[in-house]
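Notes for the one structure printed next.
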Amino acid sequence: MITFDQVTLHYDDMPEPALRDVDLTVEEGELCLVVGHTGVGKSTLLGAVNGLVPHFTGGTLYGRVTVDGRDTAHHPPRELADVVGVVGQDPLDGFVTDTVEEELAYAMEQLAIPPATMRKRVEETLDLLGLADLRHRALHELSGGQQQRVAIGSVLTAHPRVLVLDEPTSALDPTAAEEVLSAVTRLVHDLGVTVLMAEHRLERVVQYADRVIHLPGDGRARIGTPADILRTSSIAPPIVELGRLAGWSPLPLSIRDARRAAAPLRTRLADAVPDPVRTPPATTPARLLTARGVTVTHRGVPAVREAELDLKAGEVTALMGRNGSGKSSLLWALQGSGPRRSGTVKVEHAGTPVDPRTVPAAQARRLVGLVPQTPADLLYLESVKQELDQADAESGTKVRARELLDRLAPGIDDTTHPRDLSEGQKLALVLAVQLSAAPQVVLLDEPTRGLDYRAKEQLIAVVDALAAEGRTVVISTHDVEFAARAADRVIVMAEGDIVADGPTAEVIVSSPVFAPQTAKILAPAPFLTVHQVRAFLGDSA
């Protein structure tokens, strides 16, 4: 169905090819997972399938890419639209209409499909993806999982034989991610659709893959079964890391198979007490932020209800909950610039509690810094240097933004346009801008979107450093593996209410939705991460 025949892709402004001598075939009705660190060429590989690369992106393509017998060099994206459907990371970016039904029909209108056929396909797609009850709903009112299913449906109505998905679960909570992946696997198994999917959160998707394409970073690509590729790949989910550590063969890819293989390891760990994920402070930490009765409404609908919250120095808190539970609304209310219908927020400043909502913006930045879900929303100048200089001018502190950026992501050139940075680099730049004001409270809204496992480890190191400096950090996230590694406290929200608040090990293990893979595999042993298992086995060896 998809064939790369000795494909090399070289962009004019890059010293080395993005793809080099790629030779592979993806068969019809196969779900193929593309893995690799950020910047190794995954998006280039996906873009070559529907002709966006090089027709839109530029560059020189050597070799031959064929999809259902069509050579992409001679067929631009518009001539492949009936064969290849593409769904990007953010479904809202691709929507062009207002309601679910209109969005499902739009692609067929562009292909001049007869109205009777359009109506039939819309109904079929609504049933296939479980969207019938949402057909008249406005797209912006849907949850993240619902939006992602609509985005997939909007390309399916054209009856493509190939579906290309770029991080389809990156913005979704665990339950919504399962909904989307269930719909995708149904397409593969029942309709024979060929799916090519790039995803950083491998723990969610690897068990569904028929084969894996690994891009190690030198432009080349390896293809094989998931167990074969992941046994030696530079990137792997926790279940594979645990399997490597324990020496399991064959390498399990599902929780069920891993629990069967882990019986001897669970016996060995039965009475073990793992090291804490984060070392608790030696003294009672000071309280930096107090929120009482915080209520937020949007168009009369409560988003946050009477929230009560205390944040302490040196504490890292993960804020979790399904899409639409009120996490972002709470963060913006704590920061001061978001709406707050009632309640109080007080941040300690020079021994005096101050509401960041009531002070000038420059002073509010020194109290609470917030990095939104899309960090690029805060980047508006023409170069990295201009962003950093502006941050220094506005911060009023001795902390230099350039020094912060070099610590977070060294090697970013001053002349680079912020929009040309990778997702991880954008996050680092916005963090540097916000931290230049030296806020006591740091709020991060979904910071792991677009980050691979290595970049997440770097982010954890940054968060640990902030906590060591005496700040308090709150991270809104759907990434349960990241929360298990980074946070010493977890708060869970549902429909605007705080429904759980406590130590990480207690809160996330008690929930089958938010429990990390290691905890599910080794339960009842109290281990959350592979790092804890590795440390214990090393100490007991």
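Contact order for the range 277-435, expressed relative to its length and based on alpha carbon pairs under 8 Å spaced 6+ residues apart, stands at 18 percent. With a simple spin-label model that places each label point 7 Å from the Cα along the Cα-to-Cβ direction, the separation between Tyr11 and Ala465 comes to 2.6 nm. For the range 418-515, the relative contact order works out to 21 percent when only alpha carbon pairs closer than 8 Å and six or more residues apart are counted. When peptides 428-436, 268-276, 191-199 are sorted by average Cβ neighbour count within 10 Å, with the highest value leading, the order is 428-436, 191-199, 268-276. Rolling a 1.4 Å probe over the heavy atoms of the protein chains gives the chain an accessible area of 42 Å² per residue. Applying 0.36 nm per residue to the separation of Arg407 and Ala132 and subtracting their alpha-carbon distance, the gain on full extension is 94.0 nm.
A Förster radius of 51 Å combined with the Cβ-Cβ distance from Tyr62 to Val499 puts the calculated FRET efficiency at roughly 0.35. Between the range 175-233 and the range 1-73, the alpha-carbon centres lie 17 Å apart. You can think of it this way: the chain between Glu27 and Ile255 has 79.4 nm of extra reach, that is 0.36 nm per residue less the Cα-Cα gap.
Projecting the Cα atoms of Thr72, Gly29, His55 onto the charge dipole of the range 1-75, computed from C-beta unit charges around the Cα centre, puts His55 farthest toward the positive end. Under the combined filter of DSSP loop state and at most 14 neighbouring Cβ atoms within 10 Å, the range 7-88 retains these chymotrypsin sites (Phe, Trp or Tyr not before Pro): Phe56. Ranking His417, Leu381, Gln363 by Cα position along the charge dipole of the range 357-421, where only Lys, Arg, Asp and Glu carry charges on their C-beta atoms, puts Gln363 farthest toward the positive end.
Dipole magnitude for the range 408-541: computed about the Cα centre from +1 point charges on Lys and Arg Cβ and -1 point charges on Asp and Glu Cβ, it is near 240 debye. Taken along the Cα-to-beta-carbon direction at a fixed 7 Å, the label points for Thr175 and Thr232 span 4.3 nm. Note on the chain: lysine pairs with Cα distance below 28 Å, sequence gap of 8 or more or different chains, count 18. Each Lys and Arg Cβ is given +1 and each Asp and Glu Cβ -1; about its Cα centre, the chain then shows a dipole of about 1320 debye. In terms of the mean number of neighbouring beta-carbon atoms within 10 Å, the peptides 302-308, 414-420 order highest first as 302-308, 414-420. Protection proxy ranking, highest mean first, for peptides 455-461, 156-162, 477-483, 445-451: 477-483, 445-451, 156-162, 455-461, where packing is the per-residue count of other beta-carbon atoms within 10 Å, averaged. Considering only Ala105, Ser329, Pro285, the residue lying farthest towards the positive end of the dipole of the chain is Pro285, judged by Cα position with unit charges set on Cβ. Relative to the Cα centre, the charge distribution of the range 375-437, modelled as +1 at Lys and Arg Cβ and -1 at Asp and Glu Cβ, gives a dipole magnitude of about 200 debye. Ligands, DNA and RNA left out, the accessible area of the chain computed with a 1.4 Å probe is 51% carbon and sulfur.
Note on Glu109: accessible area is roughly 110 Å² with a 1.4 Å probe, heavy atoms of protein only.
Stokes-Einstein diffusion for the range 112-220, with the hydrodynamic radius set to the Kirkwood value over Cα pairs and evaluated at 25 °C in a medium of 0.890 mPa s, equals 163 µm²/s. For Cα pairs less than 8 Å apart in space and 6+ apart in sequence, what is the mean separation divided by the residue count of the range 225-268, i.e. the relative contact order in percent? Averaging sequence separation for qualifying contacts and normalising by length gives 32 percent for the range 225-268. The helix-based estimate of mean residue ellipticity at 222 nm for the chain, built from -39,500 (n - 2.57) per DSSP H run of four or more residues and divided by its residue count, is -10500 deg cm²/dmol to the nearest 500. Out of all DSSP beta bridges in the chain, what portion is antiparallel? Express it as a percent rounded to 5. Of all bridge pairs located within the chain, approximately 55 percent are antiparallel.
The values are calculated or read from the model by the stated rules, or taken from the named source; none is laboratory data. Source: prediction; values computed, not measured. Using ideal geometry, Cβ is built from the backbone for each residue, glycine included, and neighbour counts are taken over all protein chains shown. Note: accessible area is taken over every heavy atom of the protein model, side chains too, but ligands, DNA and RNA are not part of it. Shrake-Rupley method; radii C 1.70, N 1.55, O 1.52, S 1.80 Å.
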